[in-house]
1. For residues in region 125-148 being open to solvent by less than 10 Å² (accessible area, probe 1.4 Å), in contact with a strand residue (DSSP E or B) (Cβ under 9 Å, 6 or more places away or on another chain) and not aromatic (Phe, Trp, Tyr), which is nearest to Leu115 (Cα to Cα)?
2. Of all residues in region 149-172 being outside any helix (DSSP H, G or I) and either within 16 Å of ligand 2 (Cβ to nearest atom) or open to solvent by 20 Å² or more (accessible area, probe 1.4 Å) (or both), which is nearest to Arg242 (Cα to Cα)?
3. Taking the stated definitions as given, is Leu179 touching a residue at least 12 places away in the same chain (Cβ under 8 Å), within 16 Å of ligand 2 (Cβ to nearest atom) and not in a helix (DSSP H, G or I)?
4. Quick one: which residue in Gly96, Gly103 is open to solvent by less than 80 Å² (accessible area, probe 1.4 Å), more than 16 Å from ligand 2 (Cβ to nearest atom) and within 29 Å of His180 (Cα to Cα)?
5. Can you spot a residue in region 78-92 that is part of a loop (DSSP other than H, G, I, E, B) and surrounded by fewer than 19 Cβ atoms within 10 Å (Cβ to Cβ)?
6. State yes or no: is Gln74 within 16 Å of ligand 2 (Cβ to nearest atom) and outside any loop (DSSP other than H, G, I, E, B)?
Amino acid sequence: MRSESPDVPIDLDAIDPRSTPGLPGHKVTGKDPKLWARAEVERIGGELATQQEMLFAQAAVDPGQGRSVLLVLQAMDCGGKDGAVKRVAGAMNPLGLHIKAFGPPTSQERRGGFLWRIRKALPPVGYVGVFNRSHYEDVLVVRVNGLAPESVWRPRYEKINEFEREVVEGGTAVVKVMLHISRDEQRKRLMQRLVDPAKHWKFNPDDLDSRARWDDYHAAYAEALARCDSDSAPWYVLPADRKWYRDWALSHLLRQTFADLKLSYPQPDYDLAAQRRRLEADG
Ligand code: AMP
Ligand code: MG
């Protein structure tokens with residue numbers, strides 16, 4: 001889902017969080033799309049793992065030409081960021097993942113400007129980075145909760161665009177995803193956190209305050225998604241009420257991001273045949 005122009009905010013309310021755009025019809029999925037999607041996530045996960053290994057290998061052999069991938073995940077509370085990381089990024093080798101979650105900045109982090117801690121967390125060459133929340137919080141929670149005046153957060157859209165341009169020019173493929181859940185689904189998931197003792201730790205009373213500002217958050221998301229959408233660092237809104245669709249759509253998107261990089265295993269920079277003969281000669 002791409003916006004039309006920076007001046008036309010995305011209409012999130014027009015995107016049904018229970019919808020499943022792009023999912024093949026019953027002819028392909030059979031009677032149970034959920035079962036099909038779960039199996040596909042496994043299968044695509046294998047492909048993602050191979051792609052990630054190529055990314056890693058290319059950077060190991062030639063760091064100067066190496067690339068990276070950065071997935072930025074944003075969502076309202078209970079949007080499923082953690083689940084998506086577990087199920088989709090979890091298919092890849094932990095060795096090549098660079099996962100970072102962002103909470104409220106410390107006073108030290110604040111001193112360097114809002115992008116300071118973000119720059120520090122960018123994936124090194126050859127790595128797949130995942131941001132669980134990101135610099136976008138600085139135009140979302142900061143705006144909605146009035147943590148900074150508009151004169152401070154408004155110029156950030158342009159700063160974010162410049163920053164992301166720089167990151168992309170440095171060889172990182174950037175893909176930004178908003179997991180889009182409904183108010184009803186959020187209520188259900190928050191309630192689960194209050195009912196299931198194994199989930200109590202995930203609940204934060206502040207989440208109910210954020211929930212009360214749902215419309216303000218959506219307005220802030222709509223503007224951020226429109227103002228900071230570009231061909232080289234696009235935003236996607238993924239309907240996320242159905243977890244199986246969320247995981248399938250995200251896997252799909254990552255596979256596409258990798259495909260655009262046209263990766264392959266690097267050629268050896270040594271004489272393969274000579275090395276093979278050497279080892280064969282060694283009893
Ligand atoms: P969670 O993702 O549930 O661990 O919560 C992290 C919290 O950190 C959320 O309430 C975010 O809104 C908050 N947070 C993340 N980045 C910032 C930021 N730049 N300024 C203020 N709060 C933030
Ligand atoms: Mg939380």
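1. Narrowing region 125-148 to residues open to solvent by less than 10 Å² (accessible area, probe 1.4 Å): 126, 128-131, 134-136, 139-140.
Still in the running and in contact with a strand residue (DSSP E or B) (Cβ under 9 Å, 6 or more places away or on another chain): 126, 128-131, 134-136, 140.
If we keep only those that are not aromatic (Phe, Trp, Tyr) too, we end up with 126, 128-130, 134-135, 140.
Details: Gly126: 22, Val128: 19, Gly129: 16, Val130: 16, Ser134: 9, His135: 7, Leu140: 14 Å.
Here the residue is His135.
2. Kept after step one, since they are outside any helix (DSSP H, G or I), are these residues of region 149-172: 149, 154-155, 170-172.
After this cut, where a residue has to be either within 16 Å of ligand 2 (Cβ to nearest atom) or open to solvent by 20 Å² or more (accessible area, probe 1.4 Å) (or both) as well, the list is 149, 154-155, 170.
Working: Pro149: 36, Arg154: 33, Pro155: 35, Gly170: 35 Å.
Going through the qualifying residues, I end up with Arg154.
3. On the way: touching a residue at least 12 places away in the same chain (Cβ under 8 Å): yes; within 16 Å of ligand 2 (Cβ to nearest atom): yes; not in a helix (DSSP H, G or I): yes.
For Leu179, the condition - touching a residue at least 12 places away in the same chain (Cβ under 8 Å), within 16 Å of ligand 2 (Cβ to nearest atom) and not in a helix (DSSP H, G or I) - is met.
4. Details: Gly103 fails: more than 16 Å from ligand 2 (Cβ to nearest atom).
Criteria check complete, one pass: Gly96.
5. Of region 78-92, the ones part of a loop (DSSP other than H, G, I, E, B) are 78-80, 88, 92.
From the residues that got through so far, the ones that are surrounded by fewer than 19 Cβ atoms within 10 Å (Cβ to Cβ) too are none.
Scanning region 78-92, I find no residue that is part of a loop (DSSP other than H, G, I, E, B) and surrounded by fewer than 19 Cβ atoms within 10 Å (Cβ to Cβ), so the answer is no.
6. Details: within 16 Å of ligand 2 (Cβ to nearest atom): yes; outside any loop (DSSP other than H, G, I, E, B): yes.
Yes: the conditions hold for Gln74.
Yes or no, residue by residue, for (1) open to solvent by 70 Å² or more (accessible area, probe 1.4 Å); (2) under 23 Å from the mean Cα position of the chain (by Cα); (3) modelled with pLDDT of 95 or more:
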site	(1), (2), (3)
Ile15	no, yes, yes
Thr20	no, yes, yes
His26	yes, no, no
Pro33	no, no, yes
Arg38	yes, yes, yes
Ile44	no, yes, yes
Gln52	no, yes, yes
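Yes/no per residue for (1) of a type in the set (Gly, Ala, Ser); (2) open to solvent by 30 Å² or more (accessible area, probe 1.4 Å):
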| site | (1), (2) |
| --- | --- |
| Gln186 | no, no |
| Pro197 | no, yes |
| Ala212 | yes, yes |
| Ala224 | yes, no |
| Leu254 | no, no |
| Asp282 | no, yes |
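The values are calculated or read from the model by the stated rules, or taken from the named source; none is laboratory data. Not measured: the values here are computed from a predicted model. All Cβ positions, glycine included, derive from the backbone under ideal geometry; neighbour counts span all protein chains shown. Areas reflect the complete protein model, heavy atoms only, side chains present, ligands, DNA and RNA absent. Shrake-Rupley method; radii C 1.70, N 1.55, O 1.52, S 1.80 Å.
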